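The values are calculated or read from the model by the stated rules, or taken from the named source; none is laboratory data. Keep in mind that what you see is a predicted model, and the values were worked out from it rather than measured. All Cβ positions, even for glycine, are placed from backbone atoms using ideal geometry, and neighbour counts span all protein chains on display. Surface areas here come from the heavy atoms of the whole protein model, side chains and all, with no ligands, DNA or RNA. Shrake-Rupley method; radii C 1.70, N 1.55, O 1.52, S 1.80 Å.
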Amino acid sequence: MLRDLIERCRSYRRFDPGRKVSKEELERMVDNARLSASGANRQPLKFILSNEKEKNQLIFPTLSWAGYLSDWEGPETGERPTGYVVILGDRKISDNFFVDHGIAAWSILLTSVEMGLGGCMIASVDRDELRNLLNIDHRYDILLVVALGKPAEDIVVEAVSNGDIRYYRENDIHHVPKRSLNDLIVD
């Protein structure tokens with residue numbers, strides 16, 4: 001059951017615009033992130049939720065999508081996320097966020113898959129622009145943005161070939177090479 005959820009939890013970058021992510025769904029995702037592990041149990045993360053078209057349109061251009069796909073600038077109109085969670089680090093609580101934002105993002109994504117949705121965590125963000133557009137106080141560090149929606153693309157996980165781990169698209173299918181278990185375990 002957990003294995004199935006993990007296998008379905010891919011980095012989706014194209015979405016069905018007809019399936020909106022509700023505020024309640026975003027809150028459930030963040031509630032699961034809230035319950036996840038936190039370094040020294042400091043719990044320094046805060047979250048901005050967006051499922052409104054106008055706010056989503058502010059967030060989208062601040063994101064860079066799929067670095068290995070140099071000829072693709074990201075989802076076009078009609079395939080963009082219908083929800084976002086902006087993960088912030090509150091420096092009034094701590095100035096060391098450890099890996100909390102990665103854990104929180106993974107919890108959000110696993111929850112989204114359980115709901116029949118999917119998403120992509122994005123660290124390549126124009127933070128200054130996003131801060132200005134959303135009027136984010138300087139006490140918060142912008143750590144990650146999680147784009148969310150109903151996936152509108154097929155993703156295939158395959159074995160790494162010739163050491164090349166770069167994902168690619170072929171015949172409109174997104175291919176994700178993964179190293180084998182034997183390649184990862186060090187004796």
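Out of segment 1-17, which residues are open to solvent by less than 50 Å² (accessible area, probe 1.4 Å), more than 13 Å from Met115 (Cβ to Cβ) and hydrophobic (A, V, I, L, M, F, W, C)?
Residue satisfying the conditions is Phe15 alone.
Please enumerate the residues belonging to segment 142-187 that are of a type outside the set (Asp, Glu), part of a strand (DSSP E or B) and free of Cβ contacts under 8 Å to residues at least 24 places away in the same chain. If you could, list the steps in order and put the result at the bottom.
Restricting attention to segment 142-187, the residues satisfying the condition of being of a type outside the set (Asp, Glu) are 142-152, 155-157, 159-163, 165-169, 171, 173-182, 184-186.
Retained after the next criterion (residues that are part of a strand (DSSP E or B)): 142-151, 155-157, 159, 161, 168-169, 173-178.
Listed by number, the residues that qualify are Val156, Ala159, Ser161, Ile173, His175, Pro177, Lys178.
So Arg28 clears everything in (1) more than 21 Å from Tyr140 (Cα to Cα); (2) in contact with a Lys or Arg (Cβ under 7 Å, 6 or more places away or on another chain) except one condition, right? Which one?
Arg28 satisfies every listed condition except (2).
Picking from Glu153, Glu158, which residue would you name as being open to solvent by less than 70 Å² (accessible area, probe 1.4 Å), closer than 30 Å to Leu2 by Cα, of a type outside the set (Lys, Arg) and more than 16 Å from the chain's Cα centre (by Cα)? Before you say what the answer is, go through the steps one by one.
Working: Glu153 fails: more than 16 Å from the chain's Cα centre (by Cα).
From the options Glu153, Glu158, the qualifying one is Glu158.
Within segment 121-132, which residues are assigned to a helix (DSSP H, G or I) and within 25 Å of Arg19 (Cα to Cα)?
We begin by selecting, within segment 121-132, every residue assigned to a helix (DSSP H, G or I); these are 127-132.
Hit for segment 121-132 is Leu130, nothing else.
Can you report the number of residues in segment 128-150 which are open to solvent by less than 40 Å² (accessible area, probe 1.4 Å) and either among the β-branched types (Val, Ile, Thr) or out of contact with any His (no Cβ under 6 Å at 6 or more places or on another chain) (or both)? Give the steps one after another, and end with the answer.
At the first step, the residues of segment 128-150 found to be open to solvent by less than 40 Å² (accessible area, probe 1.4 Å) are 130-131, 134, 136, 142-149.
Pick out the ones that are also either among the β-branched types (Val, Ile, Thr) or out of contact with any His (no Cβ under 6 Å at 6 or more places or on another chain) (or both) and you get 130-131, 134, 136, 142, 145-149.
Total satisfying the criteria: 10.
Are there any pairs, at least 6 apart or on different chains, whose C-beta atoms fall under 9 Å, with the first in segment 88-104 and in contact (Cβ under 8 Å) with a residue 60 or more places away in the chain and the second among the β-branched types (Val, Ile, Thr) and surrounded by 15 or more Cβ atoms within 10 Å (Cβ to Cβ), and if so, which?
Asp100/Ile87; Ala104/Val30; Ala104/Val85; Ala104/Ile87; Ala104/Val146
For segment 174-187, give me each residue that is surrounded by fewer than 17 Cβ atoms within 10 Å (Cβ to Cβ) and farther than 20 Å from Pro81 by Cβ. First the steps, then the outcome.
Kept after step one, since they are surrounded by fewer than 17 Cβ atoms within 10 Å (Cβ to Cβ), are these residues of segment 174-187: 175-176, 178-187.
His175, Lys178, Arg179, Ser180, Leu181, Asn182, Asp183, Leu184, Ile185, Val186, Asp187 - these are the residues of segment 174-187 that are surrounded by fewer than 17 Cβ atoms within 10 Å (Cβ to Cβ) and farther than 20 Å from Pro81 by Cβ.
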